[in-house]
Each structure stands twice: as C-alpha cells, then as structure tokens.
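*Asks:* Before I ask anything, here is the structure I am working with.
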Amino acid sequence: MTAKGLPLRSKLATSLSRSAAALSRAAGRGDGSVIGGRIGLIIDPELLANLAAGRDIALISGTNGKTTTTRLTTAAMSILGRVATNGLGANMPTGHASALAKAGTTRYAVLEVDEHYLDQVLTATRPRVVGLLNLSRDQLDRAKEVAMMADLWRTTIEAHPEVHIVANADDPMVTWAAATAKSVTWVAAGQRWHDDSWVCPECGARIERDGDRWWCNGCSLSRPTPQWAVASGGVIDPSGTYRDVRLQLPGRVNLANAATALAIATCFGAPIIHALPRLADVTSIAGRYATVVRDERTIRLLLAKNPAGWLEAFDMAEQAPTLLSINARDPDGLDTSWLYDVDFSPLRGRRVLITGDRAMDLAVRLEVNGVPFDHVTSFGQALAAVPPGWFEVIANYTAFQDIRAELDRVN
Amino acid sequence: MSTESRLRIVWIYPDLLSTYGDRGNLLIIERRAALRGFAVECIEVRSDQSLPEHGDIYLLGGGEDGPQALAAQRLRADGGLHRAVVRGAVAFAVCAGYQLLGESFFAKGAQYPGLHLLDLKSDRGPSRAVGELAGEVNPALGLPPLTGFENHGGRTHLGPEAHPLAEITTGIGNNGTDEGAWRGRVLGTYLHGPALARNPALSDLLLLWATGVTPTPINDTWPERLRRERLAAVGFR
C-alpha cells in the first residue's frame, strides 16, 4: 500500500513515528530505529500490516548473518527499484514499522527478523519470500532452545503455504523447519558449527555426516539437493553456472550469505548478472567488518555473538595480533558458559589480548585451551601493546559496541 | 582408581546431555589431573554405545527435557553407571544429569524414574531459576564457597540419605535454601559456568576421590581472580 492509501490512523502513526525517530536521533539517544516504531504501534496496532500492504517483501531470519544477508539482499534487489529495509539490525516489529514508515512508498522491502518473531512478522507483512539462514545456540539463558526454535519455524511455515522459502540445505534444523513449505529454494550455505544438530528434530535419531552430505539414521530427513552453492571465490547458480562474487566482506560465510541474497533477489526477478556487482557495495555493517586506522594500526572489527559466530570469526581473522573482548550484559546473555563450546585453539601462535567485563572468564577458558594471552583493562592499553600493522578485534555484542564507541562509532 | 596407572574420565552421552559449555567440566578435570602427573584418558560415550565400567570419573551434563528422559531410560537399561558407582567410581552430574541421578524427575510434563544413585526427587518449580548462584559448601567437604550460574526450571528435594552440597546466599539451587547433593563419591549440582571452571577446588575433590591422592597445589591465579570477581558481583562477604 502506498503512503497515500494508508488508513487515517496509520498515517498519523507513521507521521508521529518518523518525528519520534528524528527526535531520538537529534537527542543523541540512538539511531531512532526502535522508538519511532514503538510509538507508531501504540497508536495503530495494525501499523506494520498496513505499512507492509502492497509491497513485495522478503524476510530474512536465522541465528547468525541476518544483518549482513539483509544488506546484501537489499543491495541485490536495488536494481529492481527502491527497497525499504531495517538495515541497522532493529529486527523486531517496532524496528520493521520504523523502517517502513521512514522509507515511505517503496515497491520492495527486505526485513531482517529476529528468529523468535518470525511468526508474528510473517503474519503481519505477508512476504513473498522468507530466507532462513541457520539455527544454533545463542544466549542460552534467555533464547529458546534450538529444537524449540526449529519447531516454531516449522509450524509458521506450514501455516503459510503461499510463501516461498529460501533455506540453508546444510543445516539439518533449518532443513527440517523448511521442509513443510510448498516451494523451497535450497542454498548450500554451509554449517561450521554442528553441535546443535546431531539429533534429528523429526525422530530423535542421530544425524550422520560425510563431507557435505548429512542424513538421519532413523528417518527420511536428509540434505536436499541445493540449487545454489558456494565455490571458491564465487557461487554456483541454479543453472550450474559459476559466478564470480567480489565482496568487501571477509570469510566463506559471507560468500554463503551472498548466495542466499542472490537466491532471494532472483525470486523477485532480479537478473543475477546485474545483481552481482551490487553486492560489492556492502562494506561494513554498523561497524562489523569495519577497518579503522589509528596510531599506525589497522584495526578490524569482527562481531561474534555465539559459538557458531566465533568459529566464523576465527575463519575470517588474519594471522595478526588479536584482541578478544567479552561482556555478559543483558543483550549478550548473562551466562558465559558458552566460552567452553568454542575451541579457541585456532588462535594459538598469535599474540592474544583479552579485555571486557568478563575477561576473567575468558582467561580461565584460554588457560584450559592452551592459548597464551595477556589481560588489558582498556582498548587504549590493547592498542599500545601491539606493534603497528594489522590488528584484529573480535568481541561479543556490547563489548563490540564499547570498542566501536572508542573508535567514534565507526560504521 | 583402576589398577592401570591411567585416570579414565567417562563423559556420558554428550549427544544428549551437553549444554551451556558442559564440556568445560571434562576439560578442567583433564587439565588438573594432567598437571598432577596423571596420564588421562577421556572417553566420550554416545547414547547408542554401552557404558564402560572401568572408568574412574563419570561426568553427566545438562540437556533439554526430551534428551534427559531418553538418557535416563538408556542409563537404566545399561546399568553400567550403577555398577561403576557400587565399585567406588566417582560420578559428577550437572543440571538435567543431576536430576536423573535421583529417584524421579519431571520432563515434558510427566514423571520419569531416575537412577536412584542419590536420595532425591525433582519436580517443576513455580518459575525458572536463572542467574548467579553462590553459597557456603557443606563443611564436611572442606571446600571454599560455591559459585556458578544456574538455569533450570526444576526444584529438587533431598531425602535423608543425601547431603546438600551448599547452603546458598544467592540464587535458587535445589529449593531456595540449599544447592546440589552428594553421597559417597556421587555429587550433583545445578551449576553451569561451567561448575568446575568456577570451583577448581571441587574439581580437585573429585580427583582426590578418584585417585586417593591429595592433589598438589597448582597455579590458580586466573581461576582465583574469576572466583573473587564472581563472588564480589553477588555481594558474597
């Protein structure tokens, strides 16, 4: 629905939502991506549905890579026309309402959705396509367990047979959730972290793996044949054609995110050949993957929020001095036990510094893991402790924001 | 300890019972035993394998309701853990693993029989217990204060044959008053963190039970700093 066609209540809600967002930004209280939507939804509970009506929408959800894949998909779809998106990671309904209100009339929207809200947002926005990336343990003191999350998704997808699903064929939990869909595009998006998918969500038997293939020992659940795959430096599209992908983002996982983004964009009719170059427009995302030069050190920021994310970060990090920073504030989850789910041994042989509210938890973990380290109490101390050159920083959510603040809120 | 000179640590069903960094308990015991000169063998036993009975220390982790019920059923059918404990082996269990050592526990809304290795019963509490826990360990064990992170929906009621592991000052534990239980060489706790990373002295107690040798002091600078920080964070005097 265009802005002109909105019901009166929605118009008022949209206008106030925009004003509140602008005020929030002006007051330096945030980027305004939540407060505006919150006010809008109070005035008009149907605001999200009304703002979504008439747009061609893709939703993207999963434990890791949502924000990046949303950016890549938005870039790929930008060749079709204007695309509304919640590009700053505000991935709950208030953030969606804010993003759509702010964007005004657009033909398309690409929205990142918190995994817990997929059902609610899918019902409200009636998307054409939903992209499902992966499911793994994340903030276990609060989030739903992986099997429950997969079950929730499966029920949601089954209830919306009109929605086309783009799903990761390498993740058994995602595959099982997506298997109830009427139509699916399978992407071999990879799964470095296996420890939440050894038990079949369908029958409880063991999942076996051999190279890329996986199958359940007890029932028919197995890896579907993917239409999209990642190859060295590029992707293979459904016609079997290799496509060179030039990204500004590091790691195999981002090539996989690019494959998913292309798979989604082509569902809306975006020609691959035109969409591909747009992927290189995505450089850093709210500081993630950003590089900052300071005191002759090139600092690169990697965000890792959970065990699977840490494994991906180790894959991306160069052999260079590395700072690890861990907090356990509300947005991070209060339990640091997950440190023992991560094998830090890939860091052996490089200079490792640790900091953050929960550096002591990390110290004990690294000692057990046989990774030598030094403890520093500030980012400045860390910077002074390493020689000029490349400097990797890997941090969990609020620790990442703290360091980003030190670097003038780099984007 | 078994007649051979090797310390055997058996991790029971990591495919069913392993959440919240439970592997950390295995890694901590392994390291602390190795630093004392013991040759250590870690044996991970999947739920479709039979349990070796020659282990010195058996570890059980936490898990969701379904896997917990399945693990209890398989362990009852296997019988190996029971025979090992009767022989004098050490068992250390966390959360769901702790509950299933008792007489009965609740999972998926139904009551399941446990292994009867500890005199306790578990049921559901009015709310989920999530957060830091601290307390004074039962003086009979001669350990410094207990610290850890709990995350469970259960409440556990000890019978006369089980001793509480600690009297709590912060957290919920078994019932809001005490936490964990032990008898003989079988010890259970709700604590993650993991429990042995936050309580190295408890790890050494299990080693003493298993080997009969008092573990020599090692450099615990980092674990001690972690403990001081966590205990201070909950205002433990």
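*Asks:* With a cut-off of 8 Å between alpha carbons and a minimum separation of six or more residues, what is the relative contact order of segment A:286-411 in percent?
*Replies:* Numbers: 221 pairs, mean separation 49.5, N = 126.
Dividing the mean separation by the residue count of segment A:286-411 yields 39 percent.
*Asks:* Report, please, the projected area of segment B:6-233 averaged over directions, based on the convex hull of its C-alpha atoms, in nm². Walk me through the numbers on the way to the answer.
*Replies:* Values: hull surface 44.2 nm².
Result: 11.1 nm².
*Asks:* If you don't mind, there's one more thing I want to ask. Dipole of the protein assembly as shown, Cα-centred, from +1 at each Lys and Arg C-beta and -1 at each Asp and Glu C-beta, to the nearest 20 debye?
*Replies:* Values: 66 positive and 69 negative charges, 343 e Å.
Its charge dipole is roughly 1640 debye.
*Asks:* Rg and Dmax of segment A:262-411 over Cα atoms: what are they, in angstrom?
*Replies:* 16.9, 52
*Asks:* B:Arg8's amide H: which non-local residues (gap 5+, or another chain) put their own amide H closer than 5 Å, with H modeled 1.01 Å from N in plane and none for Pro or chain starts?
*Replies:* Amide H neighbours of B:Arg8, under 5 Å, 5+ apart: B:Ser2, B:Glu41, B:Asp56, B:Ile57.
*Asks:* Further, regarding this structure: Of the candidates A:Leu362, A:Leu12, A:Leu133, which one comes out as most mobile in a Gaussian network treatment of chain A with C-alpha springs shorter than 10 Å?
*Replies:* With Cα springs under 10 Å in chain A, the top fluctuation among A:Leu362, A:Leu12, A:Leu133 is at A:Leu12.
*Asks:* A follow-up question, please. Taking both sides together, what accessible area is buried at the B/A interface, probe 1.4 Å, expressed in Å² and rounded to the nearest 100?
*Replies:* Numbers: alone 10110 and 16980 Å², together 24670 Å².
Buried area between the two chains comes out at roughly 2400 Å².
*Asks:* Another question, then. Could you tally the net charge around A:Arg213, taking each other residue with its Cβ under 14 Å from the Cβ of A:Arg213, Lys/Arg +1 and Asp/Glu -1?
*Replies:* Values: positive: A:Arg209, A:Arg223; negative: A:Asp170, A:Asp171, A:Glu208, A:Asp210, A:Asp212.
Summing Lys/Arg as +1 and Asp/Glu as -1 gives -3.
*Asks:* So, one more: Computed over the Cα atoms of segment B:1-84, what is the ratio Rg over Rh, Rh following Kirkwood?
*Replies:* Values: Rg = 13.1 Å, Rh = 13.3 Å.
Rg/Rh: 0.98.
*Asks:* Separate question: Name the residues of segment B:23-44 whose accessible area, probed at 1.4 Å, falls by at least 10 Å² once all protein chains are in place instead of their chain on its own?
*Replies:* B:Arg23, B:Gly24, B:Leu27, B:Ile28, B:Arg31
*Asks:* At a threshold of 8 angstrom on Cα-Cα distance, excluding pairs fewer than six apart, so keeping six or more, what relative contact order does segment B:6-233 reach in percent?
*Replies:* Value for segment B:6-233: 19 percent.
*Asks:* Rounded to the nearest 10 Å², what accessible area does B:Leu143 have for a 1.4 Å probe in the complete protein model?
*Replies:* About 40 Å², ignoring ligands and nucleic acids.
*Asks:* Is segment B:112-237 best put as rounded, prolate or oblate by its Cα gyration tensor, with a ≥ b ≥ c the root eigenvalues, rounded for a/c under 1.5, and otherwise prolate when a/b is larger than b/c, oblate when not? Write out the running numbers ahead of the final one.
*Replies:* Details: a/c = 2.09, a/b = 1.20, b/c = 1.75.
Note, shape of segment B:112-237 comes out oblate.
*Asks:* Residues of B:192-201, mean number of Cβ from any other protein chain within 10 Å of their own Cβ, rounded to a whole number?
*Replies:* On the way: counts 7, 7, 7, 1, 1, 9, 4, 0, 1, 0.
Counting other chains' Cβ atoms within 10 Å and averaging over B:192-201 gives 4.
*Asks:* Moving on to the next point. Of A:Leu16, A:Leu100, A:Leu247, which is the most mobile in a GNM of chain A whose springs link Cα atoms less than 10 angstrom apart?
*Replies:* Top of the fluctuation ranking is A:Leu16.
*Asks:* Moving on to the next point. Excluding A:Arg351 itself, what net charge comes from residues whose Cβ is under 13 Å from its Cβ, given Lys and Arg +1 and Asp and Glu -1?
*Replies:* Working: positive: A:Arg297, A:Arg348, A:Arg350; negative: A:Glu318, A:Asp374, A:Glu392.
Its environment carries a net charge of 0.
*Asks:* Same structure again: Below 13 angstrom from the Cβ of B:Asn138, what's the summed charge of the other residues (Lys, Arg +1; Asp, Glu -1)? Mind showing how you got there, number by number?
*Replies:* On the way: positive: B:Arg183; negative: B:Glu136, B:Glu167, B:Asp178, B:Glu179.
Every neighbour counted, the sum reads -3.
*Asks:* So which cysteines in the protein assembly as shown don't have a second cysteine's C-beta under 4.7 Å from them?
*Replies:* A:Cys267, B:Cys42, B:Cys95 - these cysteines have no disulfide-compatible partner (Cβ-Cβ under 4.7 Å) in the protein assembly as shown.
*Asks:* Please name the residues of segment A:342-367 whose accessible area, counted over protein heavy atoms with a 1.4 angstrom probe, falls by no less than 50 Å² between the chain alone and the full protein assembly.
*Replies:* By number: A:Arg358, A:Met360, A:Val364, A:Glu367.
*Asks:* Considering only B:Gln49, B:Ala33, B:Pro113, whose Cα is most displaced toward the positive end of the charge dipole of chain B, charges sitting on Cβ of Lys, Arg (+1) and Asp, Glu (-1)?
*Replies:* B:Ala33
*Asks:* Calculate the translational D of segment A:48-279 in whole µm² s⁻¹ from Stokes-Einstein, where the hydrodynamic radius comes from the Kirkwood formula applied to all Cα pairs, the temperature is 25 °C and the viscosity 0.890 mPa s.
*Replies:* Working: Rh = 17.5 Å.
D, rounded to a whole number, is 140 µm²/s.
*Asks:* Below 8 Å, C-alpha to C-alpha, sequence gap of six or more: please give me the relative contact order for segment A:48-279 in percent. Numbers along the way, then the final one.
*Replies:* Working: 478 pairs, mean separation 47.7, N = 232.
Computed over segment A:48-279, the figure is 21 percent.
*Asks:* Compute the Rg to Rh ratio over the protein assembly as shown from the alpha carbon atoms, using the Kirkwood formula for Rh, and round to two decimal places. Display every interim value, and only then the final one.
*Replies:* Numbers: Rg = 25.9 Å, Rh = 26.2 Å.
Result: Rg/Rh = 0.99.
*Asks:* For segment A:48-279, what is the accessible area per residue in Å² when the probe is 1.4 Å? Present the calculation step by step, with values, prior to reporting the outcome.
*Replies:* Working: 8380 Å² over 232 residues.
Accessible surface, normalised per residue, equals 36 Å².
*Asks:* Per DSSP H run of n ≥ 4, the term is -39500 (n - 2.57); total these for chain B, divide by its residue number, and report the mean residue ellipticity at 222 nm rounded to 500 deg cm²/dmol. If you can, show how the numbers build up before the last one.
*Replies:* On the way: 7 runs with 68 residues, N = 237.
Rounded to the nearest 500, the figure is -8500 deg cm²/dmol.
*Asks:* By its C-alpha gyration tensor, with a ≥ b ≥ c as the square roots of the eigenvalues, how is segment B:63-176 shaped: rounded for a/c under 1.5, else prolate for a/b larger than b/c, else oblate?
*Replies:* Working: a/c = 2.02, a/b = 1.21, b/c = 1.67.
Here segment B:63-176 falls in the oblate category.
*Asks:* If A:Thr106, A:Thr298, A:Thr123 are ordered by their accessible area, calculated over protein heavy atoms with a 1.4 Å probe, which sequence runs from highest to lowest? Don't jump to the answer; show the numbers that get you there.
*Replies:* On the way: A:Thr106 15, A:Thr298 40, A:Thr123 80 Å².
Of A:Thr106, A:Thr298, A:Thr123, the descending order of accessible area is A:Thr123, A:Thr298, A:Thr106.
*Asks:* Tell me whether segment B:110-175 comes out rounded, prolate or oblate; compute the Cα gyration tensor, take square roots of the eigenvalues as a ≥ b ≥ c, and use a/c under 1.5 as the rounded threshold.
*Replies:* On the way: a/c = 2.59, a/b = 1.19, b/c = 2.17.
Taking the square roots of the gyration eigenvalues as a ≥ b ≥ c, segment B:110-175 is oblate.
*Asks:* Counting only protein heavy atoms, probe 1.4 Å: which residues of segment B:128-162 lose 50 Å² or more of accessible surface in the full assembly compared with their chain by itself?
*Replies:* B:Phe149
*Asks:* In addition: Leaving out ligands, DNA and RNA, and with a 1.4 Å probe, what % of the accessible surface on segment B:76-228 is carbon or sulfur? Could you put the intermediate results ahead of the total?
*Replies:* Working: 3020 of 5670 Å².
That fraction is 53 percent.
*Asks:* Also: Taking the Cα centre of the protein assembly as shown as the origin and placing charges on Cβ (Lys, Arg +1; Asp, Glu -1), which of B:Leu208, B:Gln68, A:Cys203 is farthest toward the positive end of the dipole?
*Replies:* Value computed over the given set: A:Cys203.
*Asks:* Something else about it: Over what distance in Å are the Cα centres of segment B:50-101 and segment B:1-48 separated?
*Replies:* 13 Å
*Asks:* Could you tell me, in Å, what Rg and Dmax come out for the Cα atoms of segment B:95-137?
*Replies:* Values for segment B:95-137 (Cα only, Rg and Dmax): 11.8, 33 Å.
The values are calculated or read from the model by the stated rules, or taken from the named source; none is laboratory data. Keep in mind that what you see is a predicted model, and the values were worked out from it rather than measured. Quick reminder, even Gly has a Cβ in these numbers, built from the backbone with ideal geometry, and neighbours come from all protein chains shown. Calculation scope for accessible area: heavy atoms of the full protein, side chains included, ligands and nucleic acids excluded. Shrake-Rupley method; radii C 1.70, N 1.55, O 1.52, S 1.80 Å.
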